[in-house]
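The values are calculated or read from the model by the stated rules, or taken from the named source; none is laboratory data. Please read all numbers here as calculations on a predicted model, not as lab measurements. Quick reminder, even Gly has a Cβ in these numbers, built from the backbone with ideal geometry, and neighbours come from all protein chains shown.
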Amino acid sequence: MQILKPLKFTMGAALLAGLAACGGGGGGSSSADSGTLRLAMTDAPSCGYDSVHVTVNKVRVHQSSSASDTDAGWSEIVLNPARRVDLLGLTNGVLLELGQIPLPPGKYTQMRLVLADNDAGQPFANAVMPTGGKEVALKTPSGQQSGVKTNINIDIAANKMADFVLDFDACKSVVQAGASGQYLLKPVVTVIPRYISGIQGYVDPSAGAGVTQVSLQLNGTIVKATVPDITGRFLLQPVAPGNYTLVMSTPGRTTAVVTGVPVATETVTSLTSAVTPILLPASASASATGTAPTDTWVRALQPLVAGPVEINAQYVNSVTGAYAFSLPVNAPLVAAYAAAPAPLVFSPYAPATGQYSLRASLPGFTDKQATLPQLTAGGSVTTNFTFP
C-alpha cells in the first residue's frame, strides 16, 4: 500500500546544480503558446537511518487523474542516466533539480514518480542504512513499475512556468519488516508550489545533529520538517504563507515549542541566531508501546493551550505490528513568537508534564485515539489498537 500526500516544491538554500539538463521530455509540447513545468525534489527528516537512497528514472504527469500508466497523453521528465540520491542530504532547503518540460496549457491532475528497480546490475538502487548497521536493499511495491501515483492540481498557463517540488518523506516511506533485517519502501510523497517563504533559526547543536526534528505544524499536523545541521541551523522551506507552531523535539531532551510563528510571502522569517540558539534541556523519558494492524501510522501528541502538537510518529512494524516511542516526561517549554532581535522567552507548560495521546491511522478506517496516563521517568505504558 502506498500512502501519498501533496508534493512539495521549494526554493532551497543550496541547489544541486546541473541536473536540470538531464531532464528530457516525452509527449510535451514545444509550441510558442505552451507553458512549462519545473520540478525538484526535497526530503523531510528521517528517523533512525544514516542514509536512504532512491534512484529516480522519471516523473510523469497527465491531465486525467484516472489515466492508467499505458494510456496516451502522458508527458514526462526523464533523468538519463537515472539519478541515485540520498534523501537525507535533501534537508534544510536543499533541492535536487529534476528538470523541466514544456506542456500544453491546462490542468494536470496526476503525477507518477518512477523509481528504478533493484536488480543484479544495481542491487542497491533503492537502499537504507540503519544507524550503526549495514546498507540493506529496500523492497519496493509490486506496482512500482508504473510509478508512485499521486493526485495533483497544477495549472499550466501559456508562456508561464509552474514551479513545484516533490517532498519525499524518508521516515514515513521506510518500514521495518519484523526482525528479519529487511525494510520495505512505501513511498510517501507530497507536492506543493516552490515557495520562497519559510522559517530559519538555530537549535543548541549539542542536542545532536541529524537527531533533532524541527517542524512547522498547523492544528497538530506537520506541514514541513527538517533536521538541523552540525551548527544547529535549520531552514524550513518552502512553506505557504500563514501562522504556524514550531516544534523542536529530540530523544532524551525537553520539547520546545514556539507559537504564532508568521510566514510572510517571499520572506524567510528568522527566529534565533547561532549566538542565542533554542535550548533543549535534558529530560528523563518514558516508553509508550503497543501493537496495531500492518500499515498503521501511529502519532504521539502532546496537549498545549491551542491544541495538540506532534512529538513523534512511526509506522508499526510491517510483520509484528509493534510500535515503540521514547517520550520526554518534562513539561514542554513554550514561547510566544517575538520578532528578532527580541528574545524568545520560554517557560514550562506544567499541565502537559508527562501527558500524551496516541492517534492511530489506517487507510479505509476512522482514526483511533487513546489518552495515556501521565508518564513518569522510566515508566512504560502499553496501548494496542484494533480496527474498526
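Residue-by-condition table, conditions (1) within 30 Å of ALA322 (Cβ to Cβ); (2) hydroxyl-bearing (Ser, Thr, Tyr); (3) modelled with pLDDT of 85 or more:
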site: VAL114; (1), (2), (3): no, no, yes
site: ALA125; (1), (2), (3): yes, no, yes
site: MET129; (1), (2), (3): yes, no, yes
site: VAL136; (1), (2), (3): yes, no, yes
site: THR140; (1), (2), (3): yes, yes, no
site: ALA157; (1), (2), (3): no, no, yes
site: ASP167; (1), (2), (3): yes, no, no
site: VAL175; (1), (2), (3): yes, no, no
site: ALA179; (1), (2), (3): yes, no, no
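Restricting attention to segment 85-119, the residues being buried (at least 16 other Cβ atoms within 10 Å of the Cβ) and either basic (Lys, Arg) or outside the structural domain of MET161 (by TED's automatic domain parsing) (or both) number 1.
Kindly indicate whether VAL148 is touching a strand residue (DSSP E or B) at 6+ places or on another chain (Cβ under 9 Å) and under 24 Å from ALA67 (Cα atoms). Against the criterion (touching a strand residue (DSSP E or B) at 6+ places or on another chain (Cβ under 9 Å) and under 24 Å from ALA67 (Cα atoms)), VAL148 qualifies.
When ALA240 is tested against (1) at pLDDT below 90; (2) assigned to a strand (DSSP E or B), exactly one condition is not met: (2). Elements of the type strands (runs of 3 or more DSSP E) sitting completely within segment 117-159 and holding at least 2 residues that are more than 30 Å from GLN63 (Cα to Cα): these cover 127-130, 136-139.
Contact map, segment 151-172: residues that are closer than 16 Å to VAL94 by Cβ paired with residues that are in a loop (DSSP other than H, G, I, E, B) and hydroxyl-bearing (Ser, Thr, Tyr), Cβ distance under 6 Å, separation 6+ or inter-chain. Pairs shown: ALA170/SER46. Criterion first (crowded, with 20+ Cβ neighbours inside 10 Å, touching an Asp or Glu at 6+ places or on another chain (Cβ under 8 Å) and closer than 21 Å to VAL223 by Cβ) does PHE168 satisfy it? Answer is yes for this residue. Restricting ARG233, ARG253 to those that are touching a residue at least 12 places away in the same chain (Cβ under 8 Å), surrounded by fewer than 22 Cβ atoms within 10 Å (Cβ to Cβ) and either in contact with a helix residue (DSSP H, G or I) (Cβ under 7 Å, 6 or more places away or on another chain) or among the basic types (Lys, Arg) (or both) reduces the list to ARG233.
When segment 173-216 is filtered for residues that are without any contact (Cβ under 8 Å) to a residue 60 or more places away in the chain and part of a helix (DSSP H, G or I), only SER206 remains. Filtered by the rule that a residue be among the basic types (Lys, Arg) and modelled with pLDDT under 95, segment 348-388 gives no residues.
The sole residue among THR245, THR259 that is part of a strand (DSSP E or B), under 20 Å from the mean Cα position of the chain (by Cα) and of a type in the set (Ser, Thr, Tyr) is THR245. Against the test of being more than 27 Å from VAL188 (Cα to Cα) and of a type in the set (A, V, I, L, M, F, W, C), the options LEU216, LEU271 yield a single qualifying residue, LEU271. Counting just the residues of segment 79-108 that are in a loop (DSSP other than H, G, I, E, B) and touching a Phe, Trp or Tyr at 6+ places or on another chain (Cβ under 8 Å), which one comes out nearest to ASP33 (Cα to Cα)? Selected residue: LEU90. Screening segment 289-388 for strands (runs of 3 or more DSSP E) wholly inside it with 2 or more residues that are surrounded by fewer than 17 Cβ atoms within 10 Å (Cβ to Cβ) returns the ranges 322-328, 368-371, 380-382.
Is it the case, given these coordinates, that ALA313 is at pLDDT 95 or above and closer than 22 Å to ILE222 by Cα? In short, no. Determine, yes or no, whether THR269 is under 28 Å from THR131 (Cβ atoms) and either of a type in the set (Phe, Trp, Tyr) or modelled with pLDDT of 85 or more (or both). No: the conditions fail for THR269.
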